[in-house]
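Peer 1: Just dropping this structure here.
Computed from the coordinates by the stated procedures, all read-outs in this text should not be read as laboratory data. Computed from a predicted model, the values in this text were never measured in an experiment. Every residue, glycine as well, gets a Cβ built from its backbone with ideal geometry; the counts of neighbours run over all protein chains shown.
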């Protein structure tokens with residue numbers, strides 16, 4: 001089993017990157033071959049080399065970043081042109097979300113999961129949105145307990161990939 005964890009970040013505090021690396025480490029412990037990289041390093045042509053694709057983004061006005069949205073647009077175009085059929089590939093979605101903005105409803109993880117389903121990717125576990133705290137202008141940090149939740153998300157995903165039941169919620 002080979003998995004790719006790809007993510008985008010918008011702030012210097014890199015909360016989404018922290019979550020991505022936590023998920024990647026959790027998957028490595030259970031399935032071994034895991035690559036974790038920013039979306040800027042992701043090559044569309046290499047996605048076919050992975051059995052599982054995990055995509056994450058901060059939430060910007062209830063949406064993933066433009067780079068993540070662009071990735072899905074490119075995948076859809078490649079599918080329509082017959083250049084790639086991601087259908088059936090295992091996948092999972094995660095994101096980060098500031099409670100200061102949660103009143104808007106929705107988050108990037110939910111949007112990413114919906115786009116995965118549109119491409120007929122096999123979403124293995126429900127989307128995970130880690131909460132972040134805003135301490136000042138663009139000074140974010142992960143809320144207490146969110147790393148542990150990311151570890152649980154990774155464990156649940158690894159178990160789903162192995163066909164085992166997930167941890168109790």
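Peer 1: With each run of n ≥ 4 DSSP H residues scored as -39500 (n - 2.57), what mean residue ellipticity at 222 nm is computed for the chain after dividing by its residue count and rounding to the nearest 500 deg cm²/dmol?
Peer 2: -11500 deg cm²/dmol
Peer 1: Which of rounded, prolate or oblate describes segment 1-79 when judged by the alpha-carbon gyration tensor and an a/c cut-off of 1.5?
Peer 2: oblate
Peer 1: A follow-up question, please. Taking neighbour counts of Cβ atoms within 10 Å as a proxy for exposure, in what order, fewest first, do 115, 2, 30 appear?
Peer 2: Least crowded to most crowded, the residues run 2, 30, 115.
Peer 1: How would you rank 155, 45, 98, 57, going from fewest to most other Cβ atoms within 10 Å of each one's own Cβ?
Peer 2: Ranking 155, 45, 98, 57 by Cβ neighbours within 10 Å, fewest first, gives 45, 98, 155, 57.
Peer 1: Once you have a ≥ b ≥ c as the square roots of the Cα gyration tensor eigenvalues for the chain, tell me rounded if a/c is under 1.5, and otherwise prolate or oblate according to whether a/b is larger than b/c.
Peer 2: oblate
Peer 1: Just want the ordering: 36, 15, from fewest to most Cβ atoms lying within 10 Å of their own Cβ.
Peer 2: 36, 15
Peer 1: Shape verdict for segment 1-45, please, from the Cα gyration tensor: rounded (a/c under 1.5), prolate (a/b greater than b/c) or oblate.
Peer 2: oblate
Peer 1: Find the relative contact order for the chain and round it to a whole percent, using C-alpha pairs within less than 8 Å whose residues are 6+ positions apart.
Peer 2: 24
Peer 1: Points 7 angstrom from Cα along the Cβ direction at residue 134 and residue 49: gap in nanometres?
Peer 2: About 4.0 nm, to one decimal.
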